[in-house]
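Peer 1: My questions all concern the structure below.
The values are calculated or read from the model by the stated rules, or taken from the named source; none is laboratory data. Being a predicted model, the structure only gives us computed values, none of them experimental. Cβ atoms come from the backbone with ideal geometry, glycine included; neighbour counts cover every protein chain shown.
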């Protein structure tokens, strides 16, 4: 059976989508119905899923995460497929949406105020976005080097925000910042994939009409995390099925 390794953050792991992947660390938020598992089942691939909620490009390349080794160490050179969904935590994408959705009294608390102000500062987000291209290229090159026989797919993020208009409880300005970060990260991921000899699966473009405020959402609106429910501002089960279809079609 061909070997498939899935790398990435919570947008690939699928926190809250039941059932949880067998043997996965609880903080990873790894679902047995995330897109990697669905692709592996469909294509009869031997899956090694090391996706982990909160992961950055550094956790893919070099840093341990809650005791888990760098994700790239899962590659042994025998892979025929590697998928990568990463970069959002580097630029603070979902964290900024989470911060923007908090009630203003909570946002003013001394322990949170400075961090939230930084997340919602456009100049700070642009600095992070400017740095992530090199980080994504480094991931692509490292995966190509360690898995030379594999097809390597960067899978970008599902669309969360509507293309325009209201996205309550986010203010219009915070929603616009979120759209700016999402669009820039999407372009940067595609550019990095091309620059590092990898392929791109355009989940963002494929989900424009299925944002979290749509009638058939593939992602979840802001809110309180609930046990057994997909995490707010993350893919739901329908979204994971849709991404799996896009990956399978490209295969």
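Peer 1: Quick check on the range 222-240. Is at least one of its residues touching a residue at least 40 places away in the same chain (Cβ under 8 Å), assigned to a helix (DSSP H, G or I) and either under 14 Å from the mean Cα position of the chain (by Cα) or under 20 Å from residue 151 (Cα atoms) (or both)?
Peer 2: Scanning the range 222-240, I find at least one residue that is touching a residue at least 40 places away in the same chain (Cβ under 8 Å), assigned to a helix (DSSP H, G or I) and either under 14 Å from the mean Cα position of the chain (by Cα) or under 20 Å from residue 151 (Cα atoms) (or both), so the answer is yes.
Peer 1: I need a count of the residues in the range 185-202 that are in contact (Cβ under 8 Å) with a residue 60 or more places away in the chain and closer than 16 Å to residue 158 by Cα.
Peer 2: 4
Peer 1: Let me ask you something else. For the range 116-136, does any single residue satisfy the condition of being over 20 Å from the mean Cα position of the chain (by Cα), in a loop (DSSP other than H, G, I, E, B) and either closer than 30 Å to residue 2 by Cβ or at pLDDT below 95 (or both)?
Peer 2: No, that holds for no residue.
Peer 1: Right, here's the next one. Take the residues in the range 25-42 that are more than 30 Å from residue 133 (Cβ to Cβ) and touching a helix residue (DSSP H, G or I) at 6+ places or on another chain (Cβ under 9 Å), then tell me which one is surrounded by the most Cβ atoms within 10 Å (Cβ to Cβ).
Peer 2: Within the range 25-42, the match that is surrounded by the most Cβ atoms within 10 Å (Cβ to Cβ) is 33.
Peer 1: Taking the criterion of being in a helix (DSSP H, G or I) and either out of contact with any strand residue (DSSP E or B) (no Cβ under 8 Å at 6 or more places or on another chain) or over 30 Å from residue 121 (Cβ atoms) (or both), would at least one residue in the range 13-25 satisfy it?
Peer 2: Within the range 13-25, not a single residue is in a helix (DSSP H, G or I) and either out of contact with any strand residue (DSSP E or B) (no Cβ under 8 Å at 6 or more places or on another chain) or over 30 Å from residue 121 (Cβ atoms) (or both).
Peer 1: Moving to a separate point now. Going by the conditions given, is residue 46 farther than 14 Å from residue 143 by Cβ and surrounded by fewer than 22 Cβ atoms within 10 Å (Cβ to Cβ)?
Peer 2: Numbers: farther than 14 Å from residue 143 by Cβ: yes; surrounded by fewer than 22 Cβ atoms within 10 Å (Cβ to Cβ): yes.
Spelling it out, residue 46 is indeed farther than 14 Å from residue 143 by Cβ and surrounded by fewer than 22 Cβ atoms within 10 Å (Cβ to Cβ).
Peer 1: Looking only at the range 40-70, how many residues end up being assigned to a strand (DSSP E or B) and free of Cβ contacts under 8 Å to residues at least 24 places away in the same chain?
Peer 2: 1
Peer 1: Condition test on residue 185, is it touching a helix residue (DSSP H, G or I) at 6+ places or on another chain (Cβ under 7 Å) and outside any helix (DSSP H, G or I)?
Peer 2: Working: touching a helix residue (DSSP H, G or I) at 6+ places or on another chain (Cβ under 7 Å): yes; outside any helix (DSSP H, G or I): no.
Against the criterion (touching a helix residue (DSSP H, G or I) at 6+ places or on another chain (Cβ under 7 Å) and outside any helix (DSSP H, G or I)), residue 185 does not qualify.
Peer 1: Taking the condition of being touching a residue at least 40 places away in the same chain (Cβ under 8 Å) and closer than 11 Å to residue 8 by Cα, how many residues in the range 21-39 meet it?
Peer 2: So the count comes out to 2.
Peer 1: To continue, here is another question. Quick one: which of 85, 80 is surrounded by fewer than 18 Cβ atoms within 10 Å (Cβ to Cβ), under 19 Å from residue 200 (Cα atoms) and either in contact with a strand residue (DSSP E or B) (Cβ under 8 Å, 6 or more places away or on another chain) or at pLDDT 95 or above (or both)?
Peer 2: On the way: 85 fails: surrounded by fewer than 18 Cβ atoms within 10 Å (Cβ to Cβ).
Residue meeting the stated conditions: 80.
Peer 1: So, one more: Please verify whether the range 199-219 includes one or more residues that are in a helix (DSSP H, G or I) and under 14 Å from the mean Cα position of the chain (by Cα). Before the answer, list the steps.
Peer 2: Keep residues of the range 199-219 that are in a helix (DSSP H, G or I), which gives 203-206, 208-210.
Pick out the ones that are also under 14 Å from the mean Cα position of the chain (by Cα) and you get 203-204.
Yes, some residue in the range 199-219 is in a helix (DSSP H, G or I) and under 14 Å from the mean Cα position of the chain (by Cα).
Peer 1: Consider the range 138-176. How many of its residues are part of a helix (DSSP H, G or I) and either surrounded by 21 or more Cβ atoms within 10 Å (Cβ to Cβ) or in contact with a strand residue (DSSP E or B) (Cβ under 8 Å, 6 or more places away or on another chain) (or both)?
Peer 2: Step one: list which residues in the range 138-176 are part of a helix (DSSP H, G or I), which gives 138-146, 172-176.
In the following step, the residues that additionally are either surrounded by 21 or more Cβ atoms within 10 Å (Cβ to Cβ) or in contact with a strand residue (DSSP E or B) (Cβ under 8 Å, 6 or more places away or on another chain) (or both) were identified as 139-140, 143-144, 175.
Residues that pass the stated criteria total 5.
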